[in-house]
1. I'm checking my understanding of the structure. Among residues of region 38-61 that are at pLDDT 65 or above and touching a Leu at 6+ places or on another chain (Cβ under 8 Å), which one is surrounded by the most Cβ atoms within 10 Å (Cβ to Cβ)?
2. Residue under question is MET64, and the condition is that it be part of a helix (DSSP H, G or I) and modelled with pLDDT under 80; does it hold?
3. For region 67-74, indicate whether the set of residues that are in a helix (DSSP H, G or I) and at pLDDT below 90 is non-empty.
Amino acid sequence: MFYTFLVILHVLASLVLIVIVLLQAGKGANMGAAFGGSSQTVFGSSGAGTFLGKLTAGIAVLFMITSLTLTYTASHRSTSLIGQQKAPVTQQTLPVTSPDAAKLPALPPAPATK
């Protein structure tokens, strides 16, 4: 249960991290604003830089923690086939006693190899 929750949290953190990084403006965005581009005032006067930067750092830390925890739990789980061996299955052969078995055609000979 814990492992499944951790995997879901890790996938969500990675998707949110991708979206946050794509929302951030590139380093050359300030030059575009100087030549008539619009300014970003949605996140306040300081812009989206500090808000998205802190959010990116927080989600990146969460991503790293879940990565390390998943690695640790995966190495300590006993889901290998060696740990789950069961009793060997014995194979029983039944004799052919049907009268129709003698009437079956023989297999054709194998082709000769060079």
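1. ILE59
2. no
3. Looking for residues that are in a helix (DSSP H, G or I) and at pLDDT below 90, one finds at least one in region 67-74, hence yes.
The values are calculated or read from the model by the stated rules, or taken from the named source; none is laboratory data. Computed from a prediction, not measured in an experiment: that's the story for all the values here. Heads up, the Cβs are rebuilt from the backbone with ideal geometry, glycines too, and the neighbour counts pull from every protein chain shown.
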